[in-house]
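One structure is given here, and the rest of the page talks about it.
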Amino acid sequence: GKKLGYTFNNRNFHNVSLGQGQEVVAEQALDLAAKEGHWVILQNIHLVAKWLSSLEKKLEQHSEGSHQDFRVFISAEPAPSPESHIIPQGILENSIKITSEAPTGMHANLHKALDNFNQDTLEMCTRENEFKSILFALCYFHAVVAERRKFGPQGWNRSYPFNTGDLTISVNVLYNYLEASTKVPYDDLRYLFGEIMYGGHITDDWDRRLCKTYLEEFIKPEMLEGEFLLAPGFPLPGNMDYNGYHQYIDDALPPESPYLYGLHPNAEIGFLTQTSEKLFRTVLEMQPRDSSVGEGGVGTRDETVKALLEEMLEKLMDEFNIAELMAKVEERTPYAVVAFQECERMNILTSEIRRSLKELDLGLKGELTMTSDMENLQNALFLDAVPESWIKRAYPSTASLGTWFADLLTRIKELEAWTGDFSLPSTVWLAGFFNPQSFLTAIMQSAARKNEWPLDKMTLQCDVTRKNREDFASPPREGAYVHGLFMEGARWDAQAGIITEARLKELTPAMPVIFIKAIPADKQDIRSMYRCPVYKTRQRGPTYVWTFNLKTRENPSKWVLAGVALLLQI
């Protein structure tokens, strides 16, 4: 602007923020500017999707015959998904595009958080020492919660739009509270930051616990007493001026690693592996879809699909005859009810698999016209992906088709064994259920009937045994033994019977058999326990099943920050 002899006074400079019916103002500004050679800035055009085609026409109209100094600058927020891309191609093709990328890594994020303030901010509070310490801790907290999302579900169950407004408002609140009280109200401050400012975005209970735990670790009376670590090797700085803090970050912050977030280095391996798998799958899906493979190809695409289809139809077991099974059962115990529900769900899934495969078989033989559903199924089989219509009727899973189908057959075998005589298996494969919650609830219902306890006053106790499934020949007298769980974020020390630090590159170590039984809620021991969420898959989030209390010698907050969970499948 300066070089062209421009000064930003209002005569030759129109700034229009769109939304709330500002489109007319924008059009008038464009017409005037085109004639007089002014500059126009149009902000937030993502808010006026319907007007964008008029804007495109208007710019086209002024592209010829307008003043040579006429310029238009347009800004928009990034779209959340490709479907929401609304800026017309004409505008994009005729403009110079600049994107502002968010910084990556703790180093850049911490500097950026501090950039929201200046020397005046640091001097505004009479309680200088407390204010500066908590302000720096808040900047670190802000950087951690924003950047932790790169670790996927082990970072946060869901993705949240934390923004700089959350940080600046929190600092204003901090100022007001410190000026108004003689003692630092740590509890009130943590509540306001964790439940309202940042917590206002959070919709998942486990994520809320994580946010709260960070604040309990970063903002507490100990922060003003001697050395206080925000992360391993990174102490909270003492009293410095504004530039001093920026310098301190450069000098003292350790290099980027999961440790800065309270996570184990394995979290990075998991997240990088998943990123590369996603990339390879995308590349595979972009391959040309020609059914006749070129020179040196192994058979045609149709032959590959046909062979797979026949193999699956051959291996798929018959549906469960539920009426016959019901006639076999003398007493409809809570476990029997679960078994019937599982058989019904399994029948719905296997009948859809059988129906869709037979239909595709006829389509490939030319006896039926190929529909888009049949083509989707064919593509899925070729790409080793689980078809959409099966996923809808199945259980959450991240497996590719081959592994998924083998797992399905194992699930059916387990159900067949259980419904053979309806006695509980010696150890139960918890992951084998469509609805593991219903089985865990049945454990409580059985105990409630047997001991005449009220169901709402009960809870499950989980004792991790030192044995594996082969070591059990019969089920326990009460409750159930369950096998097939994995731990992510840490590992189980079977000898000591506690959670302990994970080993490098062992991402999801298997758990021993767990003995689960129902007890009255007031009898449970919650001292030195980590409340560990159990999820069906590594996607976590909506696949939540239950909470198991696991013994720990270390402070449970360590495992909260490390994102420790039990998984039913990996």
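The values are calculated or read from the model by the stated rules, or taken from the named source; none is laboratory data. All of these numbers come straight from a predicted model, not from anything done at the bench. Heads up, the Cβs are rebuilt from the backbone with ideal geometry, glycines too, and the neighbour counts pull from every protein chain shown. SASA here: full protein model, heavy atoms, side chains in, ligands and nucleic acids out. Shrake-Rupley method; radii C 1.70, N 1.55, O 1.52, S 1.80 Å.
Key figures for this structure:
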item: In region 528-537, residue surrounded by the most Cβ atoms within 10 Å (Cβ to Cβ) [restricted to those that are of a type outside the set (Ser, Thr, Tyr) and either under 20 Å from Pro556 (Cβ atoms) or at pLDDT below 90 (or both)]; result: Cys532
item: Positions within region 494-527 being of a type outside the set (D, E, K, R), in contact with a helix residue (DSSP H, G or I) (Cβ under 8 Å, 6 or more places away or on another chain), open to solvent by 20 Å² or more (accessible area, probe 1.4 Å) and more than 23 Å from Asn266 (Cα to Cα), in sequence order; result: Pro520, Ala521
item: Scan of region 324-355 for residues that are aliphatic (A, V, I, L, M) and more than 16 Å from Trp418 (Cα to Cα), ordered by number; result: Ile348, Leu349, Ile353
item: Output for region 223-256, where each listed residue is open to solvent by less than 30 Å² (accessible area, probe 1.4 Å) and under 29 Å from Thr508 (Cα atoms); result: Leu230, Ala231, Phe234
item: Test: residue in region 113-120 that is more than 34 Å from the chain's Cα centre (by Cα) and closer than 20 Å to Leu224 by Cβ; result: no
item: Residue check, Ser54 more than 30 Å from Ala252 (Cα to Cα), modelled with pLDDT of 80 or more and assigned to a loop (DSSP other than H, G, I, E, B); result: no
item: Checklist (1) surrounded by 20 or more Cβ atoms within 10 Å (Cβ to Cβ); (2) within 11 Å of Ala480 (Cα to Cα) applied to Ser426, failing item; result: (1)
item: From the options Leu308, Leu279, residue that is at pLDDT below 95, in a helix (DSSP H, G or I) and in contact with a helix residue (DSSP H, G or I) (Cβ under 6 Å, 6 or more places away or on another chain); result: Leu308
item: First in region 131-143 and farther than 13 Å from Tyr175 by Cβ, second anywhere and small (Gly, Ala, Ser) and surrounded by 22 or more Cβ atoms within 10 Å (Cβ to Cβ), Cβ under 7 Å, 6 or more apart; result: Cys139/Ala113; His142/Ala113; Ala143/Ala113
item: Odd one out for Arg158 among (1) in a helix (DSSP H, G or I); (2) at pLDDT below 95; result: (1)
item: Looking only at region 538-569, and only at residues there that are over 27 Å from Glu147 (Cα atoms) and out of contact with any helix residue (DSSP H, G or I) (no Cβ under 6 Å at 6 or more places or on another chain), the one that is most open to solvent (accessible area, probe 1.4 Å); result: Arg553
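Matching residues to (1) open to solvent by 40 Å² or more (accessible area, probe 1.4 Å); (2) of a type outside the set (D, E, K, R):
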| position | (1), (2) |
| --- | --- |
| Leu42 | no, yes |
| His46 | yes, yes |
| Leu55 | no, yes |
| Glu60 | yes, no |
| Gly65 | yes, yes |
| Phe70 | no, yes |
| Glu77 | yes, no |
| Glu93 | yes, no |
| Ile96 | yes, yes |
